[in-house]
Amino acid sequence: MVVEDIINRLNKAKKTGAGKWVARCPSHEDKSPSLSIAEKDGVILLKCFAGCEIEDICDAIGVEMKDLFPPKDNNWRPDEKPVKFSGGRFTAIDALRCLRDEGVIIGILASDMSEGKCLSDDEQSRLGQAVCRIATALDYLDANDSFRPKG
């Protein structure tokens, strides 16, 4: 799912900047826009400033939490060691992109936890997956001597 699919399900959505929108929150009687929507690297971020839970917002617009994240990257297999990269040679840039993307996921979940929200089972699972992917990327970079400084 792309951010435009989410925007089209919302009432009075208005673009506020690059990759950012506001809309009336669908999970409560909203008279003015209190829902912030942002898209970063394929991840759709939803924040109701009236305090609605993300699960309630997703339910109200008929999407699942997993729809807010890019499709699973079939090149990563967190339940397998070693990770096999099916798209050709695994490169340093692949590892660095993984670190960036998984950092975004951890940041989103950390923000929710800092606001006192409990992570759902799916979110806890995704957090574990992010940690595994980061460890795999770091293992790859550590094992490849060509990334070490010379001298």
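Structure data summary
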{"item": "Residue check for Val63: modelled with pLDDT of 90 or more, part of a strand (DSSP E or B) and not assigned by TED's automatic domain parsing to the domain that holds Arg126", "result": "no"}
{"item": "Looking only at the range 31-46, and only at residues there that are surrounded by fewer than 19 Cβ atoms within 10 Å (Cβ to Cβ) and not aliphatic (A, V, I, L, M), the one that is farthest from Ala13 (Cα to Cα)", "result": "Asp41"}
{"item": "Residues located in the range 18-31, provided they are within 14 Å of Leu45 (Cα to Cα) and without any contact (Cβ under 8 Å) to a residue 12 or more places away in the chain", "result": "Ala18"}
{"item": "The range 47-56: number of residues that are surrounded by 16 or more Cβ atoms within 10 Å (Cβ to Cβ) and not hydrophobic (A, V, I, L, M, F, W, C)", "result": "1"}
{"item": "Subset of the range 76-111 (residues that are farther than 14 Å from Cys132 by Cβ, at pLDDT below 85 and surrounded by 14 or more Cβ atoms within 10 Å (Cβ to Cβ))", "result": "Phe85, Phe90, Asp94, Arg97"}
{"item": "Selected residue (only one of Ala18, Ala60 is in contact with a Ser or Thr (Cβ under 7 Å, 6 or more places away or on another chain), over 22 Å from Met113 (Cα atoms) and either small (Gly, Ala, Ser) or surrounded by 18 or more Cβ atoms within 10 Å (Cβ to Cβ) (or both))", "result": "Ala60"}
{"item": "Check on Ala18, out of contact with any strand residue (DSSP E or B) (no Cβ under 8 Å at 6 or more places or on another chain) and not assigned by TED's automatic domain parsing to the domain that holds Ser111", "result": "yes"}
{"item": "Identity of the residue in the range 119-138, in a helix (DSSP H, G or I) and small (Gly, Ala, Ser), that ends up surrounded by the most Cβ atoms within 10 Å (Cβ to Cβ)", "result": "Ala137"}
{"item": "Check on Cys118, under 30 Å from Pro26 (Cβ atoms), at pLDDT 80 or above, assigned by TED's automatic domain parsing to the domain that holds Ser32 and in contact with an Asp or Glu (Cβ under 9 Å, 6 or more places away or on another chain)", "result": "no"}
{"item": "Residue pairs meeting the criteria (Cβ under 9 Å; at least 6 apart or on separate chains; first within 22 Å of Gly51 (Cα to Cα), in the range 103-130; second aromatic (Phe, Trp, Tyr) and surrounded by 14 or more Cβ atoms within 10 Å (Cβ to Cβ))", "result": "Ile105/Phe69"}
{"item": "Test: residue in the range 42-52 that is within 22 Å of Met1 (Cβ to Cβ), in contact with a Lys or Arg (Cβ under 6 Å, 6 or more places away or on another chain), in the same structural domain as Asp5 (by TED's automatic domain parsing) and modelled with pLDDT of 90 or more", "result": "no"}
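The values are calculated or read from the model by the stated rules, or taken from the named source; none is laboratory data. As the structure is a computational prediction, the values presented were derived from the model and not from experiment. With ideal geometry, Cβ positions are generated from the backbone for all residues, glycine too; neighbour counts draw on all protein chains shown.
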